[in-house]
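Engineer: Dropping the structure in here first, questions after.
The values are calculated or read from the model by the stated rules, or taken from the named source; none is laboratory data. Fair warning: this is a prediction, and the values are worked out from it, not measured in the lab. As a convention, Cβ positions derive from the backbone with ideal geometry for all residues, glycine included, and neighbour counts pool all protein chains shown.
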Amino acid sequence: MAGKNLDLRRFPGFLPLTLLCLFLLYAPLIVVMGYSFNDSNSITRWDTVSLRWYYDVFYGVDAPKFKAAALNSVSIALMAATSATLIATMAATAMLRAGRFRGKSVSFALINLPLMVPEIVTAVATLIFFSALGFTTGYLTILIAHIVFCIPFAYLPIAARMQGIEAVYEQAAQDLYATRFQAFRLILLPLMTPGIMSGFLLAFIISLDDFIITNFVKGAGIETLPTAIFGAVKQGIKPNIMAISTLLLVVSVGFVALSYFVGRMGGNAKPTTTPKGD
Amino acid sequence: MAAVPHPNARATSDTYIGFGVPLILPAWVIIGFFLVVPVAMMLMYSFLTKEFRGGVIWEFSIAAYDQFFFDRGLFGDSPPTIEWTYISIFWRSIWQAGVATFFCLIIGFPTAWFIATRTGRNSTIWLFLITIPYWVNLLIRTISMKFLIRDNGPINEFLISSGLITEPFHIINTNLAVQLGLFYSYLPFMVLPIYAAVERYNFALSEAAADLYASRTVTLTKIILPAVKPGIVAGCILVFVPSLGAFLAPDLLGGAKTFMIGSLIEEQFKGNAGNWPFGAAASMILLSLVLIVLTLYARQQTRDQD
């Protein structure tokens, strides 16, 4: 049967559909990136290439507003990701290294709960909670809400990494009279570093990206970058929005790429390979 | 949610035996106090009386659910009839999320298949290309979509200047725009679990089918699809559930006629409606819908494993 495609892995038309998929995913982003370099005042007409709107983002009329929002976004993301990573690392150690304990099966569901509850429902519930307790909504309430939904995202790569590390290393350390704390600090933690970094970076991006929950629990006077952009877009898409979107896009993609490469550092940490993640 | 390693998936060590509770405690406290308790309070609020301009009066009432499901006339004295306004908003959300899920599957399955059948590094690179857009801010992706499909956006400009159409193709503020937005928001969610399922698929099955003179189509529908079904179901859930409660796509791409659950809820808290118990009730109904879907999924999974 010469000429007939005998490769069972191949279906006609799947490659074009894959390319279509990638095209659909990237086309809107590339168009916006392209138009962010447009010199024109209008978003419709193409003028010449310039960095005018990037200049506008940093020094224009709205610059102080966006700068304050960006500062809030970054500081909240840093603190939320740090806290979530710490909590997730402890939780992963409990789930994967501490044998049986009471409430273990419930714990698994609890850690993943923020992923199951729709974002808008979390937003409503959190707003009601803070208002019933008489909390003033603002920076702190945003931070607390972000820590909660960052936990499962940090847990994901951390637990995956820990599962890949066999217990023999810690057992060997303990055989050599290391205390459990020393086994954790000197053996498990160094091996875990790529997973922990990767978890931190993902949590950071997730926090930086959030709009819905932040929009509910932020007070009147405080904005993060997404809520500030949303507010601006409500009055129509302006060219400076495209510049700021492009900047945020580049930051996000940069962080994810970083997380991806950090996560692959140190190989698989199996007993057959020499661990190098230190 | 499907990618998290299950605690019992593999025999675990017990280096830190006895430390389980103190180590898990921070996660318990944070998620319990700031998510479980709030959801319980939301349930409570849905049974309270509304205060004008937001907030509640601490008085038991089923007015919120009554308003959602029944119409009792302007003065509440007519016999109750079914109120379709809110039910139809929910129904539209289910429909929109369903259509978006369907299109994600149509594009996502071939993509996942194609990527999973690449060898070695190639597969990783393709997969990475699919995941990158997911990490770009959802708001920015939605704005990009809006920019692209506007009446005088690049697509229409191009079609008009090339002489294919004379009037701009009107998509924005229609159901189609919202479906497109949801599709675009969650497409990577469809690809990833199907990819994982296809990667585990044993191609000896395809060879066996081919040896027995099964055509390509028969192999696909009778052998491959049943084998990767768990991945397809997981992908559909991962697209459908967030689409159901989506706020940004309907808000930015849709109009008054494409109102969805997310906007309905938002309006009760941030908008002009200011009816907290009603917003809480609508959120509870949405949460129940999602929990039903997830429970059905969990039962399906355990049945598949038997």
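Engineer: Tell me, yes or no, whether the stretch A:183-202 has at least one residue that is of a type in the set (Phe, Trp, Tyr) and in contact with a Phe, Trp or Tyr (Cβ under 8 Å, 6 or more places away or on another chain).
Structural biologist: Yes - at least one qualifying residue is present in the stretch A:183-202.
Table: residues versus (1) touching a Ser or Thr at 6+ places or on another chain (Cβ under 9 Å); (2) not acidic (Asp, Glu).
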position: B:GLU83; (1), (2): no, no
position: B:PHE102; (1), (2): no, yes
position: B:ILE160; (1), (2): yes, yes
position: B:ASN173; (1), (2): yes, yes
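Engineer: Name the single residue that is surrounded by the fewest Cβ atoms within 10 Å (Cβ to Cβ) among those in the stretch B:18-51 being touching a helix residue (DSSP H, G or I) at 6+ places or on another chain (Cβ under 6 Å) and of a type in the set (Gly, Ala, Ser).
Structural biologist: If we take residues in the stretch B:18-51 being touching a helix residue (DSSP H, G or I) at 6+ places or on another chain (Cβ under 6 Å) and of a type in the set (Gly, Ala, Ser), then B:GLY20 is surrounded by the fewest Cβ atoms within 10 Å (Cβ to Cβ).
Engineer: Among the numbered criteria (1) surrounded by fewer than 18 Cβ atoms within 10 Å (Cβ to Cβ); (2) within 13 Å of chain A (Cβ to nearest Cβ), which one does B:GLU83 miss?
Structural biologist: It is condition (2) that B:GLU83 fails.
Engineer: Limited to the stretch A:104-134, what total is found for residues that are part of a loop (DSSP other than H, G, I, E, B), more than 16 Å from B:GLN268 (Cβ to Cβ) and in contact with a helix residue (DSSP H, G or I) (Cβ under 6 Å, 6 or more places away or on another chain)?
Structural biologist: So the answer is 0.
Engineer: Does B:ALA214 meet the test of being of a type in the set (Gly, Ala, Ser), farther than 30 Å from B:GLY245 by Cβ and not in a helix (DSSP H, G or I)?
Structural biologist: yes
Engineer: A:ILE142 passes all but one of (1) at the interface with another protein chain (Cβ under 9 Å from one of its Cβ atoms); (2) crowded, with 23+ Cβ neighbours inside 10 Å; which number fails?
Structural biologist: (1)
Engineer: Looking at (1) surrounded by fewer than 24 Cβ atoms within 10 Å (Cβ to Cβ); (2) closer than 28 Å to A:VAL262 by Cβ; (3) modelled with pLDDT of 85 or more, which one does A:PHE181 not meet, given that it meets all the others?
Structural biologist: (3)
Engineer: Could I ask something else about it? Taking the condition of a type in the set (Lys, Arg), within 18 Å of B:LEU180 (Cβ to Cβ) and in a helix (DSSP H, G or I), does B:ARG141 pass?
Structural biologist: For B:ARG141, the condition - of a type in the set (Lys, Arg), within 18 Å of B:LEU180 (Cβ to Cβ) and in a helix (DSSP H, G or I) - is met.
Engineer: Could you list all residues from the stretch A:23-45 that are surrounded by fewer than 17 Cβ atoms within 10 Å (Cβ to Cβ) and of a type outside the set (A, V, I, L, M)?
Structural biologist: A:PHE23, A:TYR26, A:GLY34, A:ASP39, A:SER40, A:ASN41, A:SER42, A:THR44, A:ARG45
Engineer: Within the stretch A:46-66, which residues are surrounded by 12 or more Cβ atoms within 10 Å (Cβ to Cβ) and in a helix (DSSP H, G or I)?
Structural biologist: Hits for the stretch A:46-66 are A:ARG52, A:TRP53, A:TYR54, A:TYR55, A:ASP56, A:VAL57, A:PHE58, A:ALA63, A:LYS65, A:PHE66.
Engineer: If you don't mind, there's one more thing I want to ask. Given the residues A:VAL117, A:VAL106, which is the only one that is more than 7 Å from chain B (Cβ to nearest Cβ) and of a type in the set (Val, Ile, Thr)?
Structural biologist: A:VAL106
Engineer: Does the stretch B:100-122 include one or more residues that are over 30 Å from B:LYS229 (Cα atoms) and more than 10 Å from chain A (Cβ to nearest Cβ)?
Structural biologist: No; the residues of the stretch B:100-122 include none that is over 30 Å from B:LYS229 (Cα atoms) and more than 10 Å from chain A (Cβ to nearest Cβ).
Engineer: Got a sec? Which of A:SER75, A:SER83 is away from chain B (no Cβ under 13 Å), of a type in the set (Gly, Ala, Ser) and outside any loop (DSSP other than H, G, I, E, B)?
Structural biologist: Being away from chain B (no Cβ under 13 Å), of a type in the set (Gly, Ala, Ser) and outside any loop (DSSP other than H, G, I, E, B) holds for just one of A:SER75, A:SER83, which is A:SER75.
Engineer: Then there is this: Taking the conditions exactly as written (at pLDDT below 90, more than 23 Å from the chain's Cα centre (by Cα) and not polar (S, T, N, Q)), does B:PHE128 satisfy them or not? I'd like the intermediate steps shown before the answer.
Structural biologist: Details: at pLDDT below 90: yes; more than 23 Å from the chain's Cα centre (by Cα): no; not polar (S, T, N, Q): yes.
Spelling it out, it is not the case that B:PHE128 is at pLDDT below 90, more than 23 Å from the chain's Cα centre (by Cα) and not polar (S, T, N, Q).
Engineer: Same structure, new question: Looking at the stretch A:135-192 only, could you name the residues that are more than 22 Å from the chain's Cα centre (by Cα), farther than 22 Å from A:ALA69 by Cα and among the polar types (S, T, N, Q)?
Structural biologist: Residues satisfying the conditions are A:GLN171, A:GLN174, A:THR179, A:GLN182.
Residue-by-condition table, conditions (1) at pLDDT below 90; (2) in a helix (DSSP H, G or I):
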| residue | (1), (2) |
| --- | --- |
| B:HIS6 | yes, no |
| B:ALA11 | yes, no |
| B:ILE24 | no, yes |
| B:TRP28 | no, yes |
| B:PHE33 | no, yes |
| B:LEU43 | no, yes |
| B:GLY54 | yes, no |
| B:PHE68 | yes, yes |
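Engineer: Now for a separate question. (1) out of contact with any helix residue (DSSP H, G or I) (no Cβ under 6 Å at 6 or more places or on another chain); (2) at the interface with chain B (Cβ under 7 Å from one of its Cβ atoms); (3) under 24 Å from B:ILE30 (Cα atoms): which one isn't true of A:ALA167, the others all being true?
Structural biologist: Of the numbered conditions (1) out of contact with any helix residue (DSSP H, G or I) (no Cβ under 6 Å at 6 or more places or on another chain); (2) at the interface with chain B (Cβ under 7 Å from one of its Cβ atoms); (3) under 24 Å from B:ILE30 (Cα atoms), the odd one out for A:ALA167 is (3).
Engineer: To continue, here is another question. Of (1) surrounded by fewer than 21 Cβ atoms within 10 Å (Cβ to Cβ); (2) hydroxyl-bearing (Ser, Thr, Tyr); (3) touching a residue at least 12 places away in the same chain (Cβ under 8 Å), B:THR124 satisfies all except one. Which?
Structural biologist: The failed condition is (3).
Engineer: Sticking with this one: May I ask you to list pairs of residues, at least six apart or on different chains, whose Cβ atoms are under 8 Å apart, with the first in the stretch B:95-117 being surrounded by fewer than 24 Cβ atoms within 10 Å (Cβ to Cβ) and the second being outside any helix (DSSP H, G or I)?
Structural biologist: From the stretch B:95-117, the pairs are B:PRO110/A:PHE11; B:PRO110/A:GLY13; B:ALA116/B:TYR201; B:THR117/A:ARG9; B:THR117/A:ARG10.
Engineer: A further question follows. I'd like to know if the stretch B:162-179 contains one or more residues that are surrounded by fewer than 22 Cβ atoms within 10 Å (Cβ to Cβ), among the small types (Gly, Ala, Ser), at positive phi and modelled with pLDDT under 85.
Structural biologist: yes
Engineer: Next question, about the same structure. Could you pull out the residue among A:ALA243, A:ALA269 that is of a type outside the set (Asp, Glu), farther than 23 Å from A:ALA84 by Cα, surrounded by 20 or more Cβ atoms within 10 Å (Cβ to Cβ) and at pLDDT below 90?
Structural biologist: So the residue among A:ALA243, A:ALA269 that is of a type outside the set (Asp, Glu), farther than 23 Å from A:ALA84 by Cα, surrounded by 20 or more Cβ atoms within 10 Å (Cβ to Cβ) and at pLDDT below 90 is A:ALA269.
Engineer: Another one. Within the stretch A:51-79, work out how many residues are aliphatic (A, V, I, L, M) and touching a Phe, Trp or Tyr at 6+ places or on another chain (Cβ under 8 Å).
Structural biologist: Count: 5.
Engineer: Let me ask you something else. Go through the stretch B:198-242 residue by residue and tally those that are without any contact (Cβ under 8 Å) to a residue 60 or more places away in the chain and either at positive phi or among the small types (Gly, Ala, Ser) (or both).
Structural biologist: The number of residues fulfilling the criteria is 9.
Engineer: Which residues, taken from the stretch A:229-246, are touching a Phe, Trp or Tyr at 6+ places or on another chain (Cβ under 8 Å) and under 11 Å from B:PHE147 (Cβ atoms)?
Structural biologist: A:ILE237, A:PRO239, A:MET242
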